[in-house]
Structure formats: structure tokens, C-alpha cells
1. Among the helices (runs of 4 or more DSSP H) confined wholly to segment B:477-563, which include 2 or more residues that are touching a helix residue (DSSP H, G or I) at 6+ places or on another chain (Cβ under 7 Å) and at pLDDT 80 or above?
2. So, in segment B:518-546, of the ones that are of a type in the set (A, V, I, L, M) and surrounded by 15 or more Cβ atoms within 10 Å (Cβ to Cβ), which residue ends up nearest to B:ALA424 (Cα to Cα)?
3. Could you tell me which residue of segment A:213-249 is modelled with the highest pLDDT, considering only residues that are part of a loop (DSSP other than H, G, I, E, B) and within 11 Å of chain B (Cβ to nearest Cβ)?
4. I need the full set of residues from segment B:317-339 which are surrounded by 24 or more Cβ atoms within 10 Å (Cβ to Cβ) and either among the small types (Gly, Ala, Ser) or over 28 Å from B:ALA494 (Cα atoms) (or both), in order please.
5. Of all the residues that make up segment B:474-488, how many are over 21 Å from B:VAL83 (Cα atoms) and of a type in the set (Gly, Ala, Ser)?
6. Considering only residues that are closer than 14 Å to B:SER315 by Cα and surrounded by fewer than 24 Cβ atoms within 10 Å (Cβ to Cβ), which ones fall in segment B:240-265?
7. Pick from B:TRP69, B:TRP53: which is in contact with a strand residue (DSSP E or B) (Cβ under 6 Å, 6 or more places away or on another chain) and either surrounded by fewer than 18 Cβ atoms within 10 Å (Cβ to Cβ) or within 22 Å of B:ASN137 (Cβ to Cβ) (or both)?
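The values are calculated or read from the model by the stated rules, or taken from the named source; none is laboratory data. These numbers were taken from a predicted model, which means no experiment stands behind them. In this analysis, Cβ positions are derived from the backbone assuming ideal geometry, glycine residues included, and neighbour counts consider all displayed protein chains.
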Amino acid sequence: MPNSYLLSLITLSPLVAIVILAFVPKNQGGILKQIGILGTLLPLVLSFLLFANFNYGDPHMQFVEKVNWISIPVGNPQMGEVFSFTINYEMGVDGVSMPLIVLTAIIGTLAAVASWQIKKRLKEYFILFHLLLIGMFGVFAAQNLLLFFIFFELTLVPMYFLIGIWGYSDRERAANTFLLYNGVGSAIMLIAFLIIYLTIPGVNGNPTMNFGELAAALSTPNNPMLQHVSPSLLFGLFLALFIAFGIKLPVFPFHTWMLKVHVQAPPSIVMIHSGILLKMGAYGLLRIGIGFFPEQAYQFATWMAVLGLINVLYGAVLAFVQKDLKMVLAYSSISHMGIVLLGFAAMNSIGFQGAIFQVISHGFISALMFFLIGVIWERTETSMISELGGLAKSMPFISGVLLAAAMASLGLPGMSGFISEFLAFLGLFGVKPVMAAVGTLGIILTAVYLLRAVLRTTFGPMPDRYQGAADAQPIEVIPMVVLLGFIILIGIYPAVLSEPLQETLKNIVPIVPGMGG
Amino acid sequence: MDSIMQYAWLIPLFPLFAFIVIVSFGRQLKEGAAYVGILCTGISFVLAAMTFWARFQPGATDVKTTVDWLEMLDKVVRMGFEVNQLNAMMLVIVTFVSLLVQIYSKGYMHGDERFPVFYQYLSLFTFSMLGLVISPNLLQVYIFWELVGVCSFLLVGYYYFKPEAKAAAKKAFIVTRIGDVGLFIGIALLFWGTGSFDYADIFNAIALGRLEPWMITLTAVLIFIGAVGKSGQFPLHTWLPDAMEGPTPVSALIHAATMVAAGVYLVAAAYPLFLASETALNVVAYVGGFTAIFAASIGLTQRDIKRVLAYSTVSQLGYMMLALGAAGAAGYVAGTFHLMTHAFFKALLFLAAGSVIHAVHTQDVFEMGGLWKKMPVTGWVFLIGCLAIAGVPPFSGYWSKEEILGAVYAAHRYDLLWVGIIAAFFTAFYMFRLFFLTFVGQPRGEGHHEVHESPAVMTVPLVLLAVPAVIAGFVNTPYAPVLGEWLLDGSIGALFKETGEHAAAWVQVAAILVSLLGIGLAYLMYAKRSVAPEAIVRPLPWLYQLSYRKYYIDEIYHAVFVRPLGWIGYGLQFFDRFVVDGLVGLTAKIANFIGWLHARLQNGQVQTYGVVVLLGMVLILIGYSLTVQGGVPFAK
């Protein structure tokens, strides 16, 4: 198979840029930027290859790579008890992770373009940036626990420095808070992974870290290998994973760290953070949390819905009273991630599809939003709502795109946000209509806070000091148009996402008990 | 022979094409954008007229085509189009009014800085409205329902630099969205109840009794809530008068003739659902009836010419709802019939008002006066519009209003009949109050000596709209109910039980009498000035205030919803900062400690971090192996 190493190629392709950057002198700012941006085109092209060669009809993992990686012989050879403790290097994608890799590549390139605003220590910035890319690709491509964990951790270190060095005034505290919360999350995840590895063998009885084998073992009815595993342990494991990924998502009350990141990190990094890193929480929750423990997830579904509702409404109400555009969007992210939880809580195919659509859709929308914040900041040096106003006069294009992004975010049909919101709620209405009805209050509140923020920024009279502010430059227009293009594409032609999902969902959904259509 | 109906999907696409062209080349086109919009809408109008004619032929049947749009594992959502009697009629109304408004706007918006943007929005609106009308399923309706809403928002806020326009646009969007959520919930529940979004499937499921009666009532009321928002019915009417901040052609097209009528259209399109629940029909009837009289009573005292027309629109839409909810087959016909005639005469009134505003640069009727000689065409068409809406025979409004009152009477809903008659009196009074104040007497404002008639590009559309405002009623007279028979021919008609009852003659007489009474009173007060308005107000000044202040509804909403939301927000803000973040304030201390530790460790050496990570992993492994001795942790 010609594409057999494609996933590894994508994951490691940012190394090319890292190596080249390493040889460029620090003071060559222009060249560093060019390499930084061009370097992201390599994974972008490769991920389009992945998209093009993905087989929609195949319900299994595709582009699978499996290499014997770590092998430690264990046991006493004299007693004839030799078996080896093997961990494989395993990669693969299905209809859920493939679009996420493409999303990562697209946002990665556009965030690199947005990095032209970065003024200092460009060399280190771009090296860390590409390191971050490797981590993100790896998370979505990894097919076993160890590899997943390594890549997951690999995103933390560059993020820590990217926030702490290139952020705004209170950047160091934000970086520390980021590391603290995510470190705790990772510790919980690691413990859960180890317990899974040590207590849950594959169907053939050998210990395994492979996602597919573990999920199969856990979903085999009356699996003799699992007789010693109590239901409470399984539930505990699910809960641990829910918390670990919930911190990342983030789920109330673990969300305060991400507010600081959203406000303090540079816009290009927030594009990645809000666009992709948060989604690793959703992805992990689906792939490992719900994927391994569907029954436990099902038992927990009501709580998941409650937490989802809290996220949706709490985030929306708080977004309404924020004074800083960045904070509005930070709380907006919390609110929108609540919809992911609601979709999962529905525990049916429509809800799952809604949650996955929301993950992708919010990735594009929030990346666009934060890109725009950066663009506006360049001109006004503020993101405080009270200091802005009437920008549509001097920056009609930027203001128009901002309004369009807000419309996408509040779920206007014809844009991606509508499809995801609609599906997530529709799924939930099938099983928990009252909770779903409560959640729809969020649809109104989203309109309230987004229009408040956007109209105060772009409508009304314009302060004189912005008289000479220029509208978008070509390098700024490209990311706006590309992101908006994807948002509209998904909104008008959702099949582009739903088609690869169908076969994969069939794999996930039947193992969920009590699944309704 | 019905081949043209197969191509009805092209009707919305021409305005969409215009939108794309103007978006792409707006800067080059400048005011030429108007021609693109007019041409494309013109083609749509011709196609719509041909489609209507094809459907009107005896023996013609409905056409419906759909394609797959979104897979949901075992269900597929399909998109497409449908042509039936109701929407064939709507297609003609929408394209006709839209075409005339676009022609008119070429003159009205002349010289505006953002001229092409205006035509972008107009074209996008026309596309969305046509898409809504042509939809064969509720999901597609919802999609276009939201799109027309956003176009309305954009056009209300067209003068974005004006704070009032900004506030009005926001209000229009949010208040209608409250209704939209009701519609959304209704659609979702219907989907789970019937397994489909399709009108036909849903009606089938109802006919087969697959939905519980309470579910039918609930979903019908929820869908009606959507209609309440869009059609400005009480209690979600507050956005519509404020929406008059938009340019006047927009008010004519969106906030009088088409979009606000979408709520009425939706109830009519989903009528089999409503028919299955008497409760739901009653809700429609009483909300409509209340809105009709309530809004009319506000219209009596307003000073702004566009606001009077806006309250009049709210009131007339209430009339249509009243007809749909109260009175079976006859009410269904009367409601949709009034929807049609109202679209013509109300668009006419708005465009004529726009012509006046264009000339005198004020919207306060007490600053106008004496324009009859200076603006003869505008004066005449405005008079025609007033006669039509007041229900003076033989103008179009007479026939449809008479039909509504007759149907309500025949259904023995005498309480609602009185509501309708009183509202008709109010309507005749405030419309002629407007007419006399504007066109008769002495000029009251300043700078009126320069006033002259609008250019032909504006007056020609006025005249073209005046024609149906006069004659459209003849398509459905009691002597030849052509429209009614045609609308009821087919599946919808079969759902009605024929009562065979007809309105008593006194209802007709009363309808004409109250209209003339209203006109006469307005004449005495504002033209002849033999009755002083103050004399009527004096005994009950608070009643006047109540009407003039719109019953303080805006103030009440502000106090009950808007301000508490802010309080809750600030309360939660405090909670978030000091409780949620504070709880982990403890951990924040630890963070500082780690940060301090980091500073110690931070020598830029990646190795150091590697060591820390490794150390952590080793510690965890050791901890684990200690607990795992002799068994599995946490497990029995």
C-alpha cells in the first residue's frame, strides 16, 4: 500500500521545518517567518492526500501502521516462563480522527500565517510551533495508549513556552496555570492508562495498549479475561478519563485556566489552542472514554448532560458581561464545548455526529475569531469592547468577516455552527427532551452575547482615533477567506464531514446500549 | 404541461446569483448593482408567474423533488422543493413585491455610499424568502427562516453607525430568535415523533394517529411560537416597530409584505397539524385576535408615519392569525387571501410613505401636511392604500377582511368577531388620520417649499402596486370564490368538514359601516378639525399615555429580562472569579510554588524537563507497583 506511512509522515513532517530553522541565524526574521509558514504546507499537503485517499466505505482503521517498538522480555527463562512485554508503535485513522488531522493541518498553516505579528525570538517561536504541530498530529493519529499519552504531553511543553514567552502582560502566570491544570489532567490520565494496561488484557489474553483491542475486549460480553475487574473499577476508570479530558475540554468547574490562556497567549497560539488543543479533550473523551467504556458512559449520560447544560448556559451568561473581547470568546468556547458534551450525552448516532461536527466547526470558527482579534489588535492595540466601536466604517471587510464569524458561532444555517448545534440538540431531544429544551436557552443567549460584543465593536459611531486604520491586508485576507470558506462549505454541504463519519459511527454506536436511531 | 413547475427550483437561484455577483463585483458595479438585482428578480418573477399559472390549470398537481443532503446513520435528511397551491401563490407575491421594491430602491437609495451592499442584502433576502416558501420540509424551512431573519437584521442595521439602528437590529434578531427556538424544539419533537421533517410524512403520521394528542398540541403551539416571533405577534411584537430604523424599501418588502408574513404562511403550510388540535387552533386564534386589537390601539396615537404602519402590520398579521385559528376552511382561505391583499396594499403604503419621507425628510406626521398638491402620484396611491386597508369596497382589502369576519361569524366565534370589528374601526381611523395629517391641511414643518414629487423610478413601482391593491380582491369575492376553491382543491380541502354556513348580511354591512365611521371620525378630527383630539383624550389621559407609550411593554421587558440577565451575569462573574477560581486558589498557590521551583530548574535545558517528567513517571510506577502487590487495586 503506497500510503502505509502517510500518518507518520504527516506527524513528523514539521521536523523538516524544525531542522531548517535550526540552521538559520536568529536575526534573519524574514527568512524565519517564511520557513515557519512554508514548513506548515508540507503536513497540509500530506493531510489533503490523506483526505483524498480515505475510503469512506471502510468501517475499520485506515492507514494503519504497526511496528514493534518496545519489547522487554519478562519472566524466568529457566522456568520456561518467557513472554515479552511488548509495546507497539501503532497509528491509524478513522472517520473521526481523519477530519481532525486535516483540521489541524489547516489551522496550523493559518496560525503560522497569523504569526507574522510575532516580533521577538522568532527562531524559537517557530521551532516550538512546529513541535506543537507534531504533538497534535500524533494525538489524533496514535492508536495506543502510550503513544497517545506521549503526543498529548508533547503538546504541553511547547504550549507552556509559547504562552509564557510570547504572550501578553500576565503571560507567565497564565503559562503556569496552564501547566498546573493540564499536568494534573495528564497525571490522572496516566494513572488511568496504567490501570487499564495492567488490568484489561486484549481478547487473546495478552496485555495490550492498542485502542481497538482494548475496546473490543471491553465490549465482548462476559469476557472471561475481565472477570476479576469489578464494575466499580470500570466506572472509576471512565470517571478518571472524563476528568482528565474534561479539564482539557474544559468542563465546568475546570475551566478557569483556559480563560487565562485565551487572554494572555498570542492570537496565533490561541487559534491553535481554541481551534485544536481543546478538541483533544473531546477526541480523547470519545475515543478512549466513551470508546472503551460505553456502558459506563451511558450510566453517566445524565450527568454529562447536566455538565453540558452548565457549560452552555454558564459560559453564555458570563460571556454576556465580559468587557474584553477575548474573554467573551473564551467564555463562548466554554459554552460551545458544552454542546459537545450534550451531543455525547445523547448517546445516539445523531448526538455523536453533532458533537463531532461541533468539534470541527468550532475549530474553524474560533480560529477565525481569534485571528480577527489579532488583526483588530494590530490596528487598535486593544480588545476592550468599551474602547472599540464603529469599526465597520474604517474596516468594512474585517468587520464583515467578524460579523459572519459571529453568525457562524451562533448557529446561523448555511454555516457549520448550525449543523453541529442542530444535530447535537436533535440527538438530545430524542432521549432527554426536557434537558434539551433547557439547553436551547443557550441558542438565545449565544445570540445575545455575540451580537452585544460584535455590534459594539463594529456598529455605532466610530472613535476618531481609528479614522486612519487600514482594512485587511492581503496576507490577512487569505486566512479569513479560507476559514470562512470551510465554515460555509460544511454548512452548505455537511456530507463532506458526515460521509466519512457514517461507517465509523456504526462502529461506535452499536456498542452503546440503548442506542436510539 | 406542468414542465415549468419542475423548474421552480430556479426561482430562488436567480436572486442568489445576483447576490454572488454583487458581492464579487460590488465595487466595480457601484449603482449598477441595482440592474443586476432587478434583472435577476425580474426573471424569478416571470418564472414564478409561469409556475403559478401552470399550477392554476385545472387538473394540475403538486410537484416535489428532493435530494440527499445529510446522512444521520439510518436517516437521511433531504432537501428540495415543492410546488403546491399555497406556495405557488406566495412565489408570485414575493417575487412581485421584491421586484418592485428593487426598482423603487434604485431611486430611493441613490447616492448612498453602500449602495451595492444594500442590493447584496436585498438579493440575499429574496433568495432566502423564496427558499423558505418553496421548502418541502420543516428543517429546510427552518434554515431559510433563519436566513431571512439575518437578512432582516442586516437591513434593519443598514445605517450601522446610528445607535438606534444598531439597537433595533439587535432587538430584531434576538426577539425573533426566541420564537425560532420554539420552532426548533417543535421540529425536533416532530422528528422524533414521526421520524421525518417532511410535511407530507408528518401529516401522514398525524392522519394515522401515530402522534399522541398532547404531542400534536405541544408541537403545533411550539411551531406557532416561531410564527409569533417572525410575524410580530404579541408578546414578541416589540421588535417590528423598532425595525422601522431600516431603509423604507426594506420596511415595505421585509417588514410588511413578505418576511413578517412568513409566520402566517408557516401556520398555513403546517395547517393539518393545527387542525388536529383544537387547543392549538384556539391559541392561534386568540393570540391573533388579541394582537389585532392591541396593536391597532397603539397605532391610534403614534406620531411616526412608519411606526403607525408598523403597528398596522402587526395588527393585520394578527387578523390573519385570527382567521386561521378561528374558522376552519373558510378561515384558512380568508387568512391566506388577506395575506395576499395585505402584501400589496401594505407594501404600497410603505413605499408611498418612503416617497413622502424622501421628500420632506421627516417621519413625524405632525410636521407634514398639505402634500396632496405637491406630490399627486404619491397622494393618490397612498389614498388607494388607505382605502384598501380600511376595507372600503371595492378595494382589495375589503374583500379579504370581509371574508375573515364572515368566516369567524360562520364559525360562531362571536367574541372574536367583535374583536375583528373593533380592530377594523381602529384601522380605518388611524390610517385616515395618517392620510389627512400628511396630505391635507397646511404644511407644518420647515423647508417644505422645496418639496416635489419623487422620480419616475419610484412612482412607477407605486402605480404598479396600486393596481393589485385595487383589484386583487376580485379573485375571491363571495360571488366567485375562485381563489378559495382553488386553494381547497386537494389534500388540504379534504381535511375540512363542510359547514355550509354563510355569514349573515349584517356582518358585511357592519364591516363597511365601521370603516366609514373610522374614516369619518378621522376626517372630523384631522381634516375638518371640528373635533379636537384633545377633547377625546381629556377624560382619560392615562389611556392616551398607555397607547402612546405602547403599554410600556418595552420597559417591562427591560426590567424583567434584560436587567436581570446582567445581574445574573455579574453575580456569576463574581462566583467564577472568587469561588471557582478561588477554590483552586489553593492550587494556584501550589502553582506559584511550582513556578518558583521551575525558576530554579529553568536553565533552558530540555534535559532538566526530561528528568522531571521521567521522575514523575517513575514515582507513579513505584506507587502503583506498591499498591498492586497481591492483587488489582480498587477491585475486589
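1. B:482-488, B:505-522, B:541-548
2. Among those residues, the one meeting the criterion is B:ILE519.
3. Going through the qualifying residues, I end up with A:SER230.
4. Restricting attention to segment B:317-339, the residues satisfying the condition of being surrounded by 24 or more Cβ atoms within 10 Å (Cβ to Cβ) are B:317-327, B:330-339.
Within segment B:317-339, B:GLY318, B:ALA323, B:GLY325, B:ALA326, B:ALA327, B:ALA330, B:GLY331, B:ALA334, B:GLY335 meet the criteria.
5. 1
6. Matches in segment B:240-265: none.
7. Selected residue: B:TRP69, the only one of B:TRP69, B:TRP53 that is in contact with a strand residue (DSSP E or B) (Cβ under 6 Å, 6 or more places away or on another chain) and either surrounded by fewer than 18 Cβ atoms within 10 Å (Cβ to Cβ) or within 22 Å of B:ASN137 (Cβ to Cβ) (or both).
Residue-wise test of (1) within 26 Å of A:TYR197 (Cα to Cα); (2) modelled with pLDDT of 90 or more.
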{"site": "A:SER71", "(1), (2)": "yes, no"}
{"site": "A:GLY75", "(1), (2)": "yes, no"}
{"site": "A:GLN78", "(1), (2)": "no, no"}
{"site": "A:VAL82", "(1), (2)": "yes, no"}
{"site": "A:PHE85", "(1), (2)": "yes, no"}
{"site": "A:GLY92", "(1), (2)": "yes, yes"}
{"site": "A:MET98", "(1), (2)": "yes, yes"}
{"site": "A:VAL102", "(1), (2)": "no, yes"}
{"site": "A:ILE106", "(1), (2)": "no, yes"}
